[in-house]
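A short write-up of the structure that comes next.
The values are calculated or read from the model by the stated rules, or taken from the named source; none is laboratory data. Keep in mind that what you see is a predicted model, and the values were worked out from it rather than measured. Note that we place each Cβ from the backbone using ideal geometry, even for glycine, and neighbour counts take in every protein chain shown.
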Amino acid sequence: MRKLAMTKLRFASPPIRLVVALAAAVMITLGAAAAQAEPEGGVRRYPYDPSRLTVVGKPQWHKVKAGETMLDIARNYGLGYNDVTLVYPNMDPWLPPTKRSVMVPSLFVLPPTQLSQLVINIPELRIYFFDAKSRTVQTYPIGIGDEGWETPLGVGFIREKREHPTWYIPASLQAKYQAATMPPGPDNPLGDYFMGLSLGAYGIHGTAMPWGVGRLVSHGCIRCYPEHILLLYPQVAIGTKLEIIYQPVKIGRIDEQIFVEAHPDVYQRVGDYTAYGLDKLQASGLGDLVDRDRLLLALRLQNGVPTNVSRISNRSGPGYPLAGLDQ
């Protein structure tokens, strides 16, 4: 099942129908203390508190318009291809039913950070930008390296920044492109902004192919929507610390409400997925607050939707039912 999910996240040009057989029944209860974004100049900043508030955003619904694709919906809500197709695995992303209400998965469990401002979580296909001073965080979907070109893990920093960058084509790709460099322009895969990492020749950049965001599609670099790199680029200084991590399972909280967010093991690195998830819970020290059956359901679905796994006696808030999404 996970191998099929990986195939779905690799790039295929429209209108190829992409189908994955995943279960899709989940319940989220969103506590009243859930953090809301504060738009400012197009940037959405979510307040957070590592001690009690590590789940941010809010679930939303959208009614599909005529001619609209799931990719259009994802981009309009600041999400990637994977965000919507993992929630609706049996829906044709190019031809969703008109007038159907679909859930927009815009609730996020924050990844752990060791004082780095930028955190990239590979299985999630998402980047987080933390501002410790204001205790706010921004998050954006990304495209990552495909099989054989995996995005590397590690701790580093932003080494350089370039506007309208020239692409210095790796030797292994020069025969394909019949060139050693590619000038700025609409065909340049780096887009309009490039932030080079200290981890090899990789970088965070825009893209000339926005439908690759939320997919395993690059040669190792991190691709952002053009509108997102435009927001992120001026905020990130040379020398900014970053971490590239591999955590398909994240555990967060809103006070005593415990949430688990499970994503596919995109590079097949964790082995026994259930055991991995249970180990994460044990390490969090929150096991006594968790309903094991709900936790196992989230680990089985791996649909990227934060699931309230609190024991019944601890669950509270207005509730947000997400059952039977793809029946």
Subset of region 169-187, residues modelled with pLDDT of 90 or more and either closer than 16 Å to TYR202 by Cα or not assigned by TED's automatic domain parsing to the domain that holds ALA201 (or both), comes to THR181
LYS99 fails exactly one of (1) under 11 Å from the mean Cα position of the chain (by Cα); (2) basic (Lys, Arg); (3) surrounded by fewer than 23 Cβ atoms within 10 Å (Cβ to Cβ), namely (1)
Which ones in region 170-196 are buried (at least 18 other Cβ atoms within 10 Å of the Cβ) and either among the β-branched types (Val, Ile, Thr) or touching a residue at least 40 places away in the same chain (Cβ under 8 Å) (or both)?
TYR193, MET195
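Just one of ILE204, ILE158, ILE144 is outside the structural domain of THR69 (by TED's automatic domain parsing) and in contact with a Phe, Trp or Tyr (Cβ under 8 Å, 6 or more places away or on another chain); which is it?
Just one listed residue meets the conditions, ILE204.
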Would it be correct to say that PRO111 is in a loop (DSSP other than H, G, I, E, B), of a type outside the set (Ser, Thr, Tyr), in contact with a Lys or Arg (Cβ under 7 Å, 6 or more places away or on another chain) and within 23 Å of GLN268 (Cβ to Cβ)?
yes
Being of a type in the set (A, V, I, L, M) and either farther than 23 Å from LEU301 by Cβ or assigned by TED's automatic domain parsing to the domain that holds PRO226 (or both) is the filter here; which residues of region 64-103 pass it?
ALA66, LEU95
Those residues that are among the β-branched types (Val, Ile, Thr), within 13 Å of HIS205 (Cβ to Cβ) and at pLDDT 95 or above, I need them from region 148-166; list them, please.
THR151, ILE158
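Quick one: in region 120-172, of everything that is small (Gly, Ala, Ser) and part of a strand (DSSP E or B), which residue is farthest from LEU199 (Cα to Cα)? Can you show your working first?
Applying the first criterion (small (Gly, Ala, Ser)) to region 120-172 yields 132, 134, 143, 145, 148, 154, 156, 171-172.
If we keep only those that are part of a strand (DSSP E or B) as well, we get 143, 145, 154, 156.
Working: GLY143: 17, GLY145: 14, GLY154: 7, GLY156: 6 Å.
So the residue we want is GLY143.
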Which residue, of ILE245, ILE229, is modelled with pLDDT of 95 or more, surrounded by 22 or more Cβ atoms within 10 Å (Cβ to Cβ) and not charged (D, E, K, R)?
ILE229
I'd like the residue in region 105-133 that is hydrophobic (A, V, I, L, M, F, W, C) and in contact with a helix residue (DSSP H, G or I) (Cβ under 7 Å, 6 or more places away or on another chain) and, out of all such residues, is surrounded by the most Cβ atoms within 10 Å (Cβ to Cβ).
LEU125
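Output the residues belonging to region 228-261 that are charged (D, E, K, R), more than 11 Å from PRO111 (Cβ to Cβ) and either without any contact (Cβ under 8 Å) to a residue 12 or more places away in the chain or assigned to a strand (DSSP E or B) (or both). Explain how you work it out, then say what you get.
So the first thing to find is which residues in region 228-261 are charged (D, E, K, R), and the list is 241, 243, 250, 253, 255-256, 261.
In the following step, the residues that additionally are more than 11 Å from PRO111 (Cβ to Cβ) were identified as 241, 253, 255-256.
Those that are charged (D, E, K, R), more than 11 Å from PRO111 (Cβ to Cβ) and either without any contact (Cβ under 8 Å) to a residue 12 or more places away in the chain or assigned to a strand (DSSP E or B) (or both): LYS241, ARG253.
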